[in-house]
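Read the structure below first, then the notes.
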């Protein structure tokens, strides 16, 4: 498959009052045409900041290093005005909360049409018609009526679909969805996941799905990248990581997730709390919470190593996992 994005040695650093904190370090991955990559991990693991850096949307005290190559274009460090020619047209992002992402004072059709006026040189009438067609395509009933509504007049699921429609109007090569099912009920979540699968098939769009919900990952993703403490700690296909996790953190995530086939009285959570990125533990960042840690883990940080068959892990432990396989 054709490669649409290649990220190499990317880092994200924030300047604080008296120090710096590295929110993302040593990130490397590729994304192919029509592929869905899930990026998972607890809050604070660096998932969202990594992709905000690629979009050039970091806070003022943040800076990104490394490369994010979209073809022969490096998105990292690109001047905002130049980056604006690619955002929305070649690469687009759906943010966590559509209510705060949409302008409450403008009708939906106005906000959607603006994308096509700016990036495709459509006139207002043509852009509005295309926006209504896209609303219908993403499954919004009565699209003309919804297009003439304000964001607060729509349900959470509809606002999320409006954001997807906006992101897809220019048919970008890459779509980044940041926690797209948060705060949606399970019925709407299922509809959203079906919509994502349809979009990747119909448009050939490459999808990055940032989430902590492994149920979402199982439903739509091809590959998975697990992040912890600002780093990728395991990569592989969804089937590989679900059925044969090789990093204790991945195993812990799987076993702290409800499973319909497991009649457990209670969940088996990962003990402890995620580390502060300002004060990471010495050695492996996961060692204070890891049941498999040994002496080397306490003093040496494991590199992300290729273990064959497209799999990578950042862990020194090579023995059997205590829980066995997770179906």
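The values are calculated or read from the model by the stated rules, or taken from the named source; none is laboratory data. The structure displayed is predicted, hence computed values, not measured ones. Using ideal geometry, Cβ is built from the backbone for each residue, glycine included, and neighbour counts are taken over all protein chains shown.
Of note:
- Criterion applied to 239, 222, 244 was being surrounded by fewer than 21 Cβ atoms within 10 Å (Cβ to Cβ), within 25 Å of residue 285 (Cβ to Cβ) and modelled with pLDDT of 85 or more, and the one residue passing it is 244.
- Residue match in the range 87-98 (condition: under 20 Å from the mean Cα position of the chain (by Cα) and in a helix (DSSP H, G or I)): yes
- Filter pass, residue 91 being touching a strand residue (DSSP E or B) at 6+ places or on another chain (Cβ under 8 Å), modelled with pLDDT under 90 and either more than 18 Å from residue 201 (Cα to Cα) or surrounded by 20 or more Cβ atoms within 10 Å (Cβ to Cβ) (or both): no
- Residue 201 satisfies every condition listed in (1) at pLDDT below 90; (2) touching a helix residue (DSSP H, G or I) at 6+ places or on another chain (Cβ under 9 Å); (3) surrounded by fewer than 23 Cβ atoms within 10 Å (Cβ to Cβ); (4) assigned to a helix (DSSP H, G or I) except (2).
- Options 261, 327, 293, 265: the member that is more than 16 Å from residue 40 (Cβ to Cβ), at pLDDT below 90, in contact with a helix residue (DSSP H, G or I) (Cβ under 9 Å, 6 or more places away or on another chain) and assigned to a loop (DSSP other than H, G, I, E, B): 327
Residue by residue, here is whether (1) in contact with a strand residue (DSSP E or B) (Cβ under 9 Å, 6 or more places away or on another chain); (2) more than 23 Å from residue 100 (Cα to Cα) holds:
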| residue | (1), (2) |
| --- | --- |
| 152 | no, no |
| 155 | no, no |
| 160 | yes, no |
| 182 | yes, no |
| 189 | no, no |
| 204 | no, yes |
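- Residue satisfying condition, being within 15 Å of the chain's Cα centre (by Cα) and modelled with pLDDT under 95, within set 252, 215: 215
- Count of the range 74-84 residues which are closer than 20 Å to residue 207 by Cα and either in contact with a strand residue (DSSP E or B) (Cβ under 7 Å, 6 or more places away or on another chain) or exposed (fewer than 14 other Cβ atoms within 10 Å of the Cβ) (or both): 3
- Here the range 234-258 is the region considered, the condition is being touching a residue at least 12 places away in the same chain (Cβ under 8 Å) and part of a loop (DSSP other than H, G, I, E, B), and the residue that is farthest from residue 293 (Cα to Cα) is 257.
- Number of residues in the range 156-177 that are under 18 Å from residue 33 (Cα atoms) and outside any loop (DSSP other than H, G, I, E, B): the value is 6.
- Here the range 178-194 is the region considered, the condition is being under 15 Å from the mean Cα position of the chain (by Cα) and in a loop (DSSP other than H, G, I, E, B), and the residue that is surrounded by the fewest Cβ atoms within 10 Å (Cβ to Cβ) is 182.
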